[in-house]
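Enquirer: First, the structure itself, so that you have it in front of you.
The values are calculated or read from the model by the stated rules, or taken from the named source; none is laboratory data. Since we're looking at a predicted model, the values are computed, not measured. Quick reminder, even Gly has a Cβ in these numbers, built from the backbone with ideal geometry, and neighbours come from all protein chains shown. We work out accessible area using only protein heavy atoms, side chains counted, and drop any ligands, DNA or RNA first. Shrake-Rupley method; radii C 1.70, N 1.55, O 1.52, S 1.80 Å.
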Amino acid sequence: MAADQELQRPSLEHPPEDPDAHGNPEDDDDEEVDDDEEEEEEAPNELLGRLSDGTVRVRVHDVVIRGNVVTKESIIEAEVADLFRSVSTLKELVQAAATANAMLRQLGIFDSVSITLDAGPPELTDTANVVIQLVEAKNPLTGDIGIYTRPEARTWTLEGSLKRKNYFGYGDIWDASLAYGWDQTTELGVGVYLPRFRVLSSPLSARISLLTQDWLKFSSYKEHLLGLSLGLFSKRQHDLSYNLTWRALADPSQMASKSVRRQLGHNLLSSIKYTFKVDHRDSFLRPRTGYAFLSTTQIAGLGPDSKSVRFLRQEFDLRGALPLDFYNAALNVGVSAGFVMPWGRGFMNNCSPLPDRFFMGGHSSPVCTLAGPTSLLGFKFRGLGPTDSRRHIPSRTGSGSEDSTASPGRDVLGGDIAVTAFADVSFDLPLKLFREAGIHGHAFLCVGNLAKLLPQELKSFSLHKFRETVRSSAGFGLIIPTKLFRMEINYCYILKQFEHDQGKTGIQFNFSSP
């Protein structure tokens with residue numbers, strides 16, 4: 001009995017296994033399954049992390065283009081080659097593919113563009129192939145026609161255009177257009193656009209146009225232009241163009257003022273124009289944050305012809321938007337300035353060309369308009385600035401005597417120097433229906449002025465006098481944004497104007513398009 005008890009005594013060298021110490025075998029299996037699930041969850045998370053960090057190395061082995069029947073492959077490669085050549089990670093490759101897709105769509109010659117990323121050859125690790133699938137436009141010939149309004153001049157125009165896309169397979173777009181205005185403008189033009197030309201990476205464009213503009217109502221002259229325009233460089237914020245235009249000014253009414261009659265006749269406009277533009281505002285229709293800047297420089301007189309007009313024209317435009325902490329409000333401020341002056345031999349005795357001066361007023365919003373010192377709410381189109389009395393031609397009365405009491409009116413002459421500034425506060429309206437439709441209110445203050453810099457007036461010009469003659473207006477209104485334009489219904493109150501200005505207190509409708 002003692003022996004049996006001794007045999008049953010546990011050994012210190014080999015103690016019995018404690019079931020609680022090692023657990024149930026079924027529990028061990030569950031723990032192993034949980035570990036596998038955690039590893040499976042960590043694997044995609046780790047991969048996503050590497051993708052977002054850009055640590056997955058890859059380079060493009062080949063770019064395969066499919067679906068281009070008419071379009072030259074070299075044009076497509078030139079558009080996307082630089083994007084994919086610099087790729088070193090998978091994240092960069094995805095971004096480059098999205099950019100390439102947008103660039104090819106912007107050519108305007110494809111109905112659809114899709115880009116697929118595929119693995120490269122097995123023997124070449126860390127490589128990928130880019131497959132670009134294109135669908136060219138089924139109908140390369142397109143056209144449109146419509147009736148458009150210019151509220152600032154109270155005119156309507158009938159416009160039509162016809163385009164032929166990709167005729168030679170180089171992404172070329174040929175177009176012809178016609179615009180007929182019932183009261184002011186007629187234009188006929190033909191042009192071509194090339195996204196690339198030989199070794200040049202910038203698009204080129206050329207256009208021949210015949211234009212007639214009727215300014216008899218405002219300044220007693222008609223303008224006829226026949227010109228050639230060449231787009232030399234256009235990329236992101238920069239644009240460079242050359243214009244060669246034969247221009248003639250005439251007065252069919254024979255009532256033009258002495259200042260306008262000096263400008264009548266024909267001349268040659270040979271000019272180069274450079275535009276720099278950045279726009280980092282979050283919205284065109286209702287900016288709440290960001291800024292925009294525009295600078296335009298034009299030098300005319302690039303030719304030996306004695307009839308060539310010579311002048312320098314410079315414009316600046318600055319906009320800024322700042323969000324406020326109530327009713328989704330935002331403060332928009334802006335300032336615009338510009339000047340034009342003749343140059344060349346004897347320029348001190350010359351005047352700037354009348355059509356190239358600055359004119360102010362109209363029904364365009366200063367918040368949206370980024371085109372120099374032109375907008376001043378509450379004033380009519382060409383409704384302020386220097387003027388000159390028209391020639392007086394006595395009219396015959398019914399009894400045969402001459403009536404010398406009728407006023408012939410005045411010609412608007414524009415200005416050689418112009419400055420405008422504004423402040424605008426936009427805010428949500430309390431009605432939910434308006435907020436959902438994007439309709440909101442605003443209050444504004446606008447100031448601006450124009451002045452001539454004729455040779456005989458340069459000595460008498462002073463900034464103090466220029467400040468004293470500043471025009472101003474204030475008001476409030478309702479803004480109705482649409483997909484095509486922004487409409488404003490404003491009540492404008494004229495704070496300051498001078499004799500012969502055409503400002504009016506009351507309701508005004510403004511329209512602005514992108």
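Enquirer: Once R0 is set to 51 Å, what does the formula 1/(1 + (r/R0)^6) return for the Cβ-Cβ distance between LEU453 and SER88, expressed as a FRET efficiency to the nearest 0.05?
Expert: Working from the Cβ atoms, E equals 0.35.
Enquirer: Ranked highest first by the average count of other Cβ atoms within 10 Å around their residues, in what order do 312-320, 417-425 fall?
Expert: Top to bottom by mean Cβ count within 10 Å: 417-425, 312-320.
Enquirer: Run the reach check for LYS496 against lysines, Cα to Cα strictly under 21 Å, same-chain hits fewer than 8 apart removed. What comes back?
Expert: LYS380, LYS452, LYS465, LYS504
Enquirer: While we're on this one: Out of residues 5 or more away from LEU495 or on other chains, whose amide H comes under 5 Å of its own, with H placed 1.01 Å from N in the peptide plane?
Expert: Under 5 Å from the amide H of LEU495 lie the amide H atoms of SER472, SER473, ALA474, each far enough along the sequence or on another chain.
Enquirer: Enumerate the residues in the range 74-88 having an amide nitrogen under 13 Å from the point lying 7 Å beyond the Cα of ASN101 toward its Cβ.
Expert: Residues passing the 13 Å test: none.
Enquirer: Mind grabbing the accessible area of LEU302 for me, 1.4 Å probe, Å², rounded to tens?
Expert: My reading of the accessible area for LEU302 is about 80 Å².
Enquirer: Give me the percent of the accessible area of the range 405-495 that comes from carbon and sulfur atoms, probe 1.4 Å, all protein chains in place.
Expert: 68
Enquirer: Shifting gears a bit: Tell me, what is the 1.4 Å probe accessible area of PHE476, in Å² to the nearest 10?
Expert: Estimated to the nearest 10 Å², PHE476 gives 120 Å².
Enquirer: For the range 197-294, which whole percent of the accessible surface, found with a 1.4 angstrom probe, sits on carbon and sulfur atoms?
Expert: 61
Enquirer: Rounded, prolate or oblate: which fits the range 254-399 when a ≥ b ≥ c are the square roots of the eigenvalues of the alpha-carbon gyration tensor, with rounded for a/c under 1.5 and prolate only if a/b beats b/c?
Expert: oblate
Enquirer: Please list LYS165, LYS258 in order of solvent-accessible area, largest first, computed with a 1.4 Å probe with all protein chains present.
Expert: The most accessible residue leads, giving LYS258, LYS165.
Enquirer: Provide HIS440, HIS280, HIS238 ordered by accessible surface of protein heavy atoms (probe 1.4 Å), highest first.
Expert: Listed by decreasing accessible area, they come as HIS280, HIS238, HIS440.
Enquirer: Right, next: Probe radius 1.4 Å, ligands and nucleic acids left out: which of ILE507, ILE132 has the largest accessible area, and how do the rest follow? Present the calculation step by step, with values, prior to reporting the outcome.
Expert: Values: ILE507 115, ILE132 0 Å².
Reading off the accessible areas and sorting them downward yields ILE507, ILE132.
Enquirer: Further question: Please list, in chain and number order, the residues 5+ apart from LEU324 or on another chain whose amide H is under 5 Å from its amide H, with Hs placed from the backbone.
Expert: The list, which skips near neighbours in sequence, is ALA329, ALA330, LEU331.
Enquirer: Using a 1.4 Å probe on the protein heavy atoms only, what accessible surface does ASP428 show? Give it in Å² to the nearest 10.
Expert: For ASP428, solvent-accessible area is about 30 Å².
Enquirer: Report, ordered by chain and residue number, the lysines lying within cross-link reach of LYS235, taken as a straight Cα distance under 16 Å and ignoring same-chain residues fewer than 8 apart.
Expert: Here the lysines satisfying the reach criterion relative to LYS235 are LYS273, LYS277.
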